[in-house]
Amino acid sequence: MSFRPCAVIPAYNHYLRLGPVIEGLRALELPVFVIDDGNVEPAQSGLAAFHAPERGVEVVRKPVNEGKGAAVIDGLRLAAGRGFTHALQIDADGQHEPAQAARFLELARANPTAVVTGAAVYDETVPKARKFGRYITHFWVWVETASLDIADSMCGFRLYPLGSTVKMLSQERIGPRMQFDTEILVQLHWRRVPVINVLVKVIYPPDNTSNFAMLEDNVRISLMHLGLIVQAPVRLVMKLFRTRPKP
């Protein structure tokens, strides 16, 4: 199996720190797709300025904001349509050091059917409420998958095998907003896609503006877990009869 990776960056309001993220990914020779998730000015122009196909960077604009998940899904489908085999998802706000992606690429090359996903290691900049809330989701994911295979389902730094991922996306409706990162991993795990966890440093820059809507997104995540819990007994039985994806 050939190994042809690229990067997908969903972007909404975050563009001031995008330059170093793109530069870090291009240093790893990754073609980059930035998905403009219906931004308005000044972010729209700020993102458009990075469009440079001749240098391996494309900015793809969505006319309406549909959410992080919807932006990533569009990016994954675009990448698959361009013939890429794997896509690295990374945030646009500088929380993740792009040089860490080298380890993701190394593991994916050796394990081409696996999703390689970040497990966040925080410093003192992380908001305490966000850190605590993640442990609630970790617990429910372990219940939904009947395993501890997924160390951190909320880290938005990961590398997808596009064949099995795009196939799953054609069969399931994954939440388009902040529930996306968790839900897609659970669905892939139910399909016996191997999960490889990688410890990654995550920082919260002091002037960072989060797109996480505390009330609305927590409600969406709670409803997502409810739906996954209801499905889990049947899905886990189905998993027993599935075969692992082939390279």
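The values are calculated or read from the model by the stated rules, or taken from the named source; none is laboratory data. As the structure is a prediction and not an experimental result, all values here were calculated from the model. A quick note on method: Cβ atoms are made from the backbone with ideal geometry, for glycine too, and the neighbour counts reach across all protein chains shown.
So here's what we get for this one:
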read-out: Yes/no for PHE84 being part of a loop (DSSP other than H, G, I, E, B) and modelled with pLDDT of 95 or more; value: yes
read-out: Pair list, Cβ under 6 Å, 6 or more apart: the stretch 102-117 residue under 18 Å from GLY156 (Cβ atoms), other residue aromatic (Phe, Trp, Tyr); value: VAL115/TYR160; VAL116/PHE104
read-out: One residue from ALA71, ALA120 being over 16 Å from CYS6 (Cα atoms) and surrounded by 13 or more Cβ atoms within 10 Å (Cβ to Cβ); value: ALA120
read-out: Condition check for LEU78: under 19 Å from PHE157 (Cα atoms), over 14 Å from the mean Cα position of the chain (by Cα) and aliphatic (A, V, I, L, M); value: yes
read-out: The stretch 220-245: number of residues that are surrounded by 18 or more Cβ atoms within 10 Å (Cβ to Cβ) and not in a helix (DSSP H, G or I); value: 1
read-out: Top-ranked residue in the stretch 86-117 [being crowded, with 19+ Cβ neighbours inside 10 Å and among the polar types (S, T, N, Q); ranked as farthest from ILE150 (Cα to Cα)]; value: GLN95
read-out: Matching residues, the stretch 94-116, being part of a strand (DSSP E or B) and more than 22 Å from LEU18 (Cβ to Cβ); value: VAL115, VAL116
read-out: Within the stretch 1-63, strands (runs of 3 or more DSSP E) holding 1 or more residues that are touching a residue at least 60 places away in the same chain (Cβ under 8 Å) and closer than 29 Å to PRO112 by Cβ; value: 5-11
read-out: Any hit, the stretch 33-46, residues being surrounded by fewer than 17 Cβ atoms within 10 Å (Cβ to Cβ), in contact with a Pro (Cβ under 9 Å, 6 or more places away or on another chain) and of a type in the set (D, E, K, R); value: no
read-out: Checklist (1) closer than 15 Å to ARG177 by Cα; (2) touching a Gly at 6+ places or on another chain (Cβ under 8 Å); (3) in a helix (DSSP H, G or I) applied to ASP91, failing item; value: (3)
